[in-house]
Amino acid sequence: MHKAAFISIIGKPNAGKSTFINALMGQHFCIVSPKAQTTRHRIKGFITTDEYQLVFSDTPGIIVPKYKMQEAMMEAMKESLEDADLLLLIHDEADSELSEEVLDVLTNYKGQKILILNKVDKLTEQQIVEKTEHWKASGHFYGVVPFSSVHPFNKSMLVNFLVELSPEHPAYYPDDEISDRSTRFFLAEFIREKILFFYEKEIPYSVEVKIDNFKEEENLIRISALIYVERDSQKAILIGKGGLALKKVASEARKDMEKFLDKPVFLDVFVKVKDNWRNNDLELKRFGYKE
Ligand SMILES: Nc1nc2c(ncn2[C@@H]2O[C@H](COP(=O)(O)OP(=O)(O)OP(=O)(O)O)[C@@H](O)[C@H]2O)c(=O)[nH]1
Ligand SMILES: [Mg+2]
């Protein structure tokens, strides 16, 4: 009997959704950062064996949208619930309550819901038991599972549990694929991840990255990327004095790319200004935020 399921991963920004998927898949797949709203799209990642296929959807953290890009982010999150067989709410152990927005999404979803009590590496065993009991008693969830991406001690148990809950179904995707997203998408994300780490305030949120050239040679892959910002002043900050700041971004992103592609990479990055793109329907569409 073969099992397959679509599993939607939702939660507040920074709850650890992307880290959770990376831990389950065993690789740096979705980008992760200490800043909120790191993930902007629905990104599917597959775990496939002969017996089952789990299709995880990483989603943007649930917020009240303030501009058009954030509206598109919330659409992507909602879309993941439309075809989900199971919902996993990734919950930061530090939050004693569910936000109103998260509660709203939960109550509107009619399928089975599991709460992943995340980041339990920060807790004592006694606290883990207490918090698990607390969320079990809330009545919202079919199951509550403590988890830590730092020490994913119960990873295979959790995967088995999810397989148990999955319907009987053939695989949805070929067994040699790990995502619905292109290589170029992940390469651009690696650059955005470094920008989230190295810059403050509006910069990470005003940035979009596109790979505009990818050329595989015998011993090297040549990649060039365009980084879009909203204003000239942001361009100057991104590039930094003597171009040093941007060089650091490129050199760190290149390391991730080499790991991902398993080949040396030559990376060129350029910065362009696109006024107010986060609030422009056409630009958002061009950047892949809207169908
Ligand atoms: N200690 C600890 N930190 C974690 C764990 N999981 C995630 N984190 C940290 O939490 C922060 C947010 O992680 P992400 O995976 O980017 O969170 P997210 O829910 O995908 O956030 P958005 O994409 O912004 O919605 C990062 O700094 C992670 O390193 C965990 O199990 N333990
Ligand atoms: Mg994320």
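The values are calculated or read from the model by the stated rules, or taken from the named source; none is laboratory data. From a predicted model like this one, the values you see are computed outputs, not experimental measurements. Reconstructed Cβ throughout: ideal geometry from the backbone, glycine too, with neighbour counts over all protein chains shown. Ligands, DNA and RNA are stripped out before the accessible areas are found, and what is left, the full protein with its side chains, is counted by its heavy atoms. Shrake-Rupley method; radii C 1.70, N 1.55, O 1.52, S 1.80 Å.
Here residue 113 is the anchor, and the lysines within straight C-alpha reach of less than 21 Å, apart from those fewer than 8 places off in the same chain, are 3, 12, 17, 44, 78, 131, 136, 155.
Given 37 °C and 0.692 mPa s, how large is the Stokes-Einstein diffusion coefficient of the range 251-291 in µm²/s, with Rh as the Kirkwood radius over Cα pairs?
259
Projecting the Cα atoms of 41, 220, 59 onto the dipole axis of the chain, where Lys and Arg carry +1 and Asp and Glu carry -1 at the beta carbon, places 220 farthest toward the positive end. Its Cα gyration tensor gives the chain an equivalent ellipsoid. The semi-axes, each the square root of 5 times an eigenvalue, are 33, 22, 18 Å from largest down. Between the amide H of residue 269 and those of 225, distances stay under 5 Å, these residues lying 5 or more places away or on another chain, with hydrogens modeled in the peptide plane. Note on the range 210-230 and the range 55-80: Cα centroid distance 27 Å, given to the nearest whole angstrom. Within the range 3-165, the percentage of alpha carbon pairs spaced more than 25 angstrom apart rounds to 24%.
Which value in Å is the Kirkwood Rh of the range 86-209 over different Cα pairs? Write down the numbers at each step before the final one.
Numbers: mean 1/r = 0.0570 Å⁻¹.
After inverting the pairwise mean of 1/r, the radius is 17.5 Å.
On a per residue basis, the chain carries 49 Å² of accessible surface, using protein heavy atoms and a 1.4 Å probe. In the chain, the DSSP-assigned H stretches of four residues or longer account for a calculated mean residue ellipticity at 222 nm of -11500 deg cm²/dmol, using -39500 (n - 2.57) per stretch and the full residue count as denominator. Bridge orientation summary for the range 3-165: considering DSSP beta bridges with both residues in this region, about 20 percent are antiparallel. Dimensions of the range 60-125 based on its C-alpha atoms, expressed as ranges along the principal axes with the largest first, amount to 42, 28, 17 Å.
If you look at the Cα atoms of the range 183-286, you get an Rg and a Dmax of 13.6, 42 Å.
Here the simple spin-label model places points 7 Å from the Cα toward Cβ, and for residue 185 and residue 82 these points are separated by 1.6 nm. Of the solvent-accessible surface of the range 12-144, computed with a 1.4 Å probe over protein heavy atoms with every protein chain present, carbon and sulfur atoms account for 46 percent. A full extension of the chain between residue 1 and residue 94 corresponds to an added length of 29.5 nm, given 0.36 nm per residue minus the alpha carbon distance. Within the chain, DSSP assigns beta bridges of which about 35% are antiparallel (rounded to the nearest 5). Counting only other residues whose beta carbon sits under 10 Å from that of residue 89, what net charge do I get with K and R as +1, D and E as -1? Cβ neighbours under 10 Å give a net charge of +3.
Can you give the extra length, in nm with one decimal, that the chain gains between residue 49 and residue 244 once fully stretched, where that is 0.36 nm per residue apart less the Cα-Cα distance? Present the calculation step by step, with values, prior to reporting the outcome.
Working: separation 195, 0.36 × 195 = 70.20 nm, distance 4.49 nm.
Separation in residues times 0.36 nm, less the Cα-Cα distance, equals 65.7 nm.
Once the Cα-Cα distance is subtracted from the 0.36 nm per residue extended length, the residue 155 to residue 176 segment shows a gain of 5.4 nm.
In the range 44-77, which trypsin sites (Lys or Arg not before Pro) fall in coil by DSSP and have 14 or fewer other Cβ atoms within 10 Å?
66
Within the accessible surface of the range 183-286, defined with a 1.4 Å probe on protein heavy atoms only, the carbon and sulfur portion equals 49 percent.
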